Amino acid sequence: MTTDELKNLVADNSVDARGTACPGPLLAAKKAIGSIKTGEILEILSTDEGTKRDIPKWAGKKGHEFLGTLEESGYFKIYMKK
Amino acid sequence: MTLALFSGSIDKLTAAGIILSGAAADDMDVDVFVLLQAARAFRKDIAYDTDKLSMAENPHLKAEFMESLEKLNVQPWTTFLKEARELTNVKIHICGLAGKIWGGDKLEDFIDTADDICGISEYITAAQEADVHLFI
């Protein structure tokens, strides 16, 4: 997805894992994915650099679609579709 | 996955907790075998008190390590274990001999996340059947 497409996405659930170190954001994503339906979108907010590589890898293995990452000031937003 | 947890060192217990979390996110079944020094760390009266746990290879770095964990908001190793158990099938087995060496005879002597006290044959059998085997 392009940056503009990501900016226009409306997430069905959002988890704020900012301030937690690895594996905090991954575990937050794992817990939250159960709360949305197939086809819905999950947003994860993180300040942990490793998460940017961790979540796409995990999502792919679990059969979810990684949509992209948006950089904000001091944190980033990761999007995936269940 | 099987994890042979031999060390009772606070940094290695933390590493084991983080690896378990990753395995839990991946829905892996994990059997943890708590051997020798690790059995001491799993004792109920020791596990939650970091003053009673050593930093085996680098004792002079323990204070810096503990301070960093707190600053980075990293949860205690026992919490990683508890969370992993909530997310996937994690079984924690305490080696019977190790328990006795470190003053724990009964399951009640160890933290609540421990499932049973076992012998070496159970560990070997689980390791033979597992795809991933780690020794910490």
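The values are calculated or read from the model by the stated rules, or taken from the named source; none is laboratory data. It should be emphasised that the depicted structure is a prediction, and the values quoted were computed from it without experimental measurement. A quick note on method: Cβ atoms are made from the backbone with ideal geometry, for glycine too, and the neighbour counts reach across all protein chains shown. Surface areas here come from the heavy atoms of the whole protein model, side chains and all, with no ligands, DNA or RNA. Shrake-Rupley method; radii C 1.70, N 1.55, O 1.52, S 1.80 Å.
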Practice prompt. Say whether the condition of being more than 17 Å from B:VAL30 (Cα to Cα), aliphatic (A, V, I, L, M), assigned to a loop (DSSP other than H, G, I, E, B) and open to solvent by 20 Å² or more (accessible area, probe 1.4 Å) is met by at least one residue in region B:72-82.
Written response: yes
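For every residue, the table says whether it meets (1) open to solvent by 10 Å² or more (accessible area, probe 1.4 Å); (2) modelled with pLDDT under 95; (3) within 14 Å of another protein chain (Cβ to nearest Cβ).
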| position | (1), (2), (3) |
| --- | --- |
| B:ASP11 | yes, no, no |
| B:ALA23 | no, no, yes |
| B:LEU35 | yes, no, no |
| B:LYS52 | yes, no, no |
| B:ALA56 | yes, yes, no |
| B:PHE65 | yes, no, yes |
Practice prompt. Scan region A:36-55 and give yes if some residue there is more than 12 Å from the chain's Cα centre (by Cα) and within 17 Å of B:ASP26 (Cα to Cα), otherwise no.
Written response: yes
Discussion item. Among (1) open to solvent by less than 30 Å² (accessible area, probe 1.4 Å); (2) in contact with a Lys or Arg (Cβ under 7 Å, 6 or more places away or on another chain), there is one condition B:ASP31 misses while meeting the rest; what is its number?
Written reply: (1)
Worksheet item: Here is a list of conditions, (1) open to solvent by 50 Å² or more (accessible area, probe 1.4 Å); (2) in contact (Cβ under 8 Å) with a residue 60 or more places away in the chain, and B:LYS106 meets all of them except one; can you say which number that is?
Response: (2)
Discussion item. Suppose we filter A:THR51, A:THR20, A:THR47, A:THR3 for residues that are farther than 24 Å from B:GLU70 by Cα and either of a type in the set (S, T, N, Q) or within 10 Å of another protein chain (Cβ to nearest Cβ) (or both); which single one remains?
Written reply: A:THR3
Worksheet entry | Residue list for region B:27-57, restricted to those being free of Cβ contacts under 8 Å to residues at least 12 places away in the same chain and outside any helix (DSSP H, G or I) | B:ASP49
Worksheet item: For B:GLY17, all conditions in the list (1) within 12 Å of chain A (Cβ to nearest Cβ); (2) open to solvent by 20 Å² or more (accessible area, probe 1.4 Å); (3) not hydrophobic (A, V, I, L, M, F, W, C) hold save one; what is the number of the exception?
Response: (2)
Discussion item. Can you find, within region A:35-53, the residue that is farthest from A:ALA11 (Cα to Cα) among those that are out of contact with any Lys or Arg (no Cβ under 9 Å at 6 or more places or on another chain) and either open to solvent by less than 60 Å² (accessible area, probe 1.4 Å) or polar (S, T, N, Q) (or both)?
Written reply: A:GLY50
